[in-house]
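Before any comments, here is the structure.
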Amino acid sequence: MSDQLDTLLSEQRRFSPASTFAADANGTPALYESAARDREAFWAEQAGTLEWIRPWDRVLDWTPPHAKWFVGGKLNVAANCLDRHLTGPLRNTAALVWEGEPGDRRVLTYWDLAREVRRAANALKQLGVRKGDRVAIYLPMVPEAAMAMLACARIGAVHSVIFGGFSAESVRDRVNDAKARVLITADGGYRRGQVVPLKRMADQAMAEAPSIEHCIVVQRRPGSPGDESFATMKEGRDHWWHRLLDSVSSESEPEAMDAEDLLFILYTSGTTGKPKGIVHTTGGYLTQVAATTKYVFDLKPADVFWCTADIGWVTGHSYVVYGPLANGATVFMYEGAPDWPERDRFWSLVETHGVTILYTAPTAIRAFMKWGTDHPARHDLSTLRLLGSVGEPINPEAWMWYQAHIGGGRCPIVDTWWQTETGGIMITPLPGVTTTKPGSATIPFPGIVAELVNDAGTVLPQGGGFLTLAAPWPGMLRTIYGDDARYQETYWSRFPGRYFAGDGAKVDEDGYWWILGRVDDVLNVAGHRIGTMEVESALVEHPAVAEAAVVGKSHDLKGQALAAFVTLKDSHQPSAGLKDDLKAHVAQKIGAIARPDDIFFSADLPKTRSGKIMRRLLKDIAEGRALGDTTTLADPAVVSRLKDTYESQEA
Ligand code: 7RM
């Protein structure tokens, strides 16, 4: 981390907003001033741009660490994202422009999307889903994913979207934790020309998920009726999405939801083996995602907005679905991989659909850099006017490359720091207002109070330390589903009175934030959060494994890669075959995103006298660095032995 810090400290480049962009920008310096004068009034003004069924009585009730925003107010998220746009010109404007990986296309106007959502809402009701019930969504990136989320919101059901890359076991655990009554999936989804058999995995998950009463299956594979290889339908439980929607009316009234009613649960990795169900509510969440979409992405009626995140992650929730649709935007959505059929697919999509705003992750940008400038150069990218980055720190080289080769030197870049827990963007430039520095997420969004603290919790005006949030914000998580004690412990105990984000950061002399990454046992692999403990638990479930320790090691493209140190039971011997077996085992238990890059067999693991595995030392070994302090080890010789054998195995 200190190398990283040095590089960032020496970053001197500055990009001030172009006057042409500033003249027409949604964001203004006045936003910061008004939020600084009266934070609650600022957020109330943002909330006022939404349509409320009943106005709120109080903006905020804050009983740390529990916040209630817009207390007493009633609204419906789907009505805000759809119905209210149907009375004007947006009715006949594209809400969703979609392209499947095989090249199939669909365009849905606001009217079309609203109609499908009303039908899907009625279909859920017909299956007995009521306000407050949980619905799990396990879909590829198809329009039905957005429809399913909005249909839940319309009737007040709580959705839990599960990333389509997760394994059957991960789906089962999430469904069981939320006690979902309905699971919405698809026969399959396309990824690099292959069909991912989602329904088959859903079947495995449902076999051990007693709360599921019904499963709705979207038919994704063109021309697959009757072809049961990807979807065997269980009579009474399973229903085709298209048939179900055909059987219901398209009239539906949105449910009047309390501002603090649950909108969704989204599971995310933490420092234990068990993912946390992050709880988001209705009024505050929508307020923050709508406001940040408008000001951070400078959204205008003529824009085509493409956030490349999967709907299974929070970025897909907030900036593919809720934020853009609340603003009446045209959203572009793509199903598949960036390198299929060729490495220019994204640029071909930008050109074909006239994308104007692109929001993607540094890991993707680094892959594009590696693939070379020919791919973007072959396409007309002149429609692009704004670029965004999210998910991990963006290194200055990648930032500069993105600006030059994708943005043609003319597009502002917004590097946005936020988390599943924060609901919406927290630290970011406002295009047209904020001068940017490559690698810095710049300053907090208006109405957000970020503070740097040291180990003792003392606030530091600048320097290095921990990122904390010192005041509640509308989109904040309200709790961890079913485990409020864990909520308090995880986020609010390390620095009393403050939300601790788990990230290390540096603040420079201009008050700009440079996010350095996680300081806990959460890894960020290709922009995906993975808990070291989750991977360790998966490994020790393998019959050959006695003990496992997983660490992150720097990786050119993925930011971090997983390295696993494994001790075997006496009955088993290390072998290349066993390594492959263990990697496949983890992928099967959690999902391909958690497959370790390296497995290293070792007779011992370095432990403290109290028996804690010293991951820091394992990280030093995996990164090929000199060993740090070993004095607290029970047996310091273990680690030097380990380093020697690691280096010989690697060679
Ligand atoms: C939106 C999202 C959250 C973690 C967070 C950070 C890292 C996200 C940035 C970033 C540096 C950024 N939600 N992170 N954005 N680090 N600069 N602009 O990613 O819950 O999946 O991950 O991601 O470590 O704590 S998340």
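The values are calculated or read from the model by the stated rules, or taken from the named source; none is laboratory data. Here the structure is a predicted model, which means the values were calculated and not measured. Here the Cβ positions follow ideal geometry from the backbone for every residue, glycine too, while neighbour counts run over all protein chains shown.
Odds and ends about this structure:
- Yes/no for THR360 being farther than 27 Å from LEU523 by Cα and more than 11 Å from the ligand (Cβ to nearest atom): no
- Condition met for ILE406 (of a type in the set (A, V, I, L, M) and either surrounded by fewer than 21 Cβ atoms within 10 Å (Cβ to Cβ) or within 16 Å of the ligand (Cβ to nearest atom) (or both)): no
- Residue in region 438-455 that is away from the ligand (no atom under 13 Å from the Cβ), free of Cβ contacts under 8 Å to residues at least 24 places away in the same chain, more than 23 Å from GLN288 (Cβ to Cβ) and not aliphatic (A, V, I, L, M) present: yes
- Qualifying position, being of a type outside the set (Ser, Thr, Tyr) and without any contact (Cβ under 8 Å) to a residue 12 or more places away in the chain, among ARG220, ARG243, ARG192, ARG174: ARG243
- Filter result for GLY611 (at pLDDT below 80 and under 36 Å from the mean Cα position of the chain (by Cα)): yes
- Count of region 118-173 residues which are β-branched (Val, Ile, Thr), assigned to a helix (DSSP H, G or I) and farther than 21 Å from LEU198 by Cα: 1
- Only a single item in (1) within 28 Å of ILE162 (Cα to Cα); (2) within 16 Å of the ligand (Cβ to nearest atom); (3) not aromatic (Phe, Trp, Tyr) is not met by LEU386, and it is number (1).
- Within region 165-206, the set of residues being farther than 18 Å from ALA538 by Cα and of a type in the set (Phe, Trp, Tyr) comprises just one member, TYR190.
- Of the helices (runs of 4 or more DSSP H) lying entirely inside region 240-353, the ones with 3 or more residues being surrounded by fewer than 21 Cβ atoms within 10 Å (Cβ to Cβ) are found at 241-246, 345-353.
Conditions (1) of a type in the set (Val, Ile, Thr); (2) closer than 24 Å to LYS179 by Cα; (3) touching a residue at least 60 places away in the same chain (Cβ under 8 Å), marked per residue:
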residue: GLU255; (1), (2), (3): no, yes, yes
residue: ALA259; (1), (2), (3): no, yes, yes
residue: LEU263; (1), (2), (3): no, yes, yes
residue: THR272; (1), (2), (3): yes, yes, yes
residue: THR282; (1), (2), (3): yes, yes, yes
residue: THR293; (1), (2), (3): yes, no, no
residue: GLY323; (1), (2), (3): no, no, yes
residue: VAL331; (1), (2), (3): yes, no, yes
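- Odd one out for PHE565, checked against (1) farther than 28 Å from GLY391 by Cβ; (2) in a strand (DSSP E or B); (3) of a type in the set (A, V, I, L, M, F, W, C): (1)
- Annotation: of all residues in region 528-541 being surrounded by fewer than 20 Cβ atoms within 10 Å (Cβ to Cβ) and more than 15 Å from LYS276 (Cα to Cα), the one that is nearest to the ligand (Cβ to nearest atom) is SER537.
- Residues in region 458-494 that are within 20 Å of THR442 (Cα to Cα), within 16 Å of the ligand (Cβ to nearest atom) and among the β-branched types (Val, Ile, Thr): THR468 only.
- Candidates are the residues of region 505-517 that are crowded, with 20+ Cβ neighbours inside 10 Å and either more than 12 Å from the ligand (Cβ to nearest atom) or more than 19 Å from the chain's Cα centre (by Cα) (or both); the one that is farthest from ILE365 (Cα to Cα) is VAL507.
Residue by residue, here is whether (1) more than 21 Å from the chain's Cα centre (by Cα); (2) over 29 Å from ARG494 (Cα atoms); (3) buried (at least 22 other Cβ atoms within 10 Å of the Cβ) holds:
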| site | (1), (2), (3) |
| --- | --- |
| VAL519 | no, no, no |
| GLY552 | no, no, yes |
| ALA564 | yes, no, yes |
| THR567 | yes, yes, no |
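- Test: GLY497 is within 14 Å of the ligand (Cβ to nearest atom) and not aliphatic (A, V, I, L, M): no
- Strands (runs of 3 or more DSSP E) within region 381-476 that include 2 or more residues closer than 27 Å to PHE21 by Cβ and either touching a Phe, Trp or Tyr at 6+ places or on another chain (Cβ under 9 Å) or β-branched (Val, Ile, Thr) (or both): 386-390, 413-416
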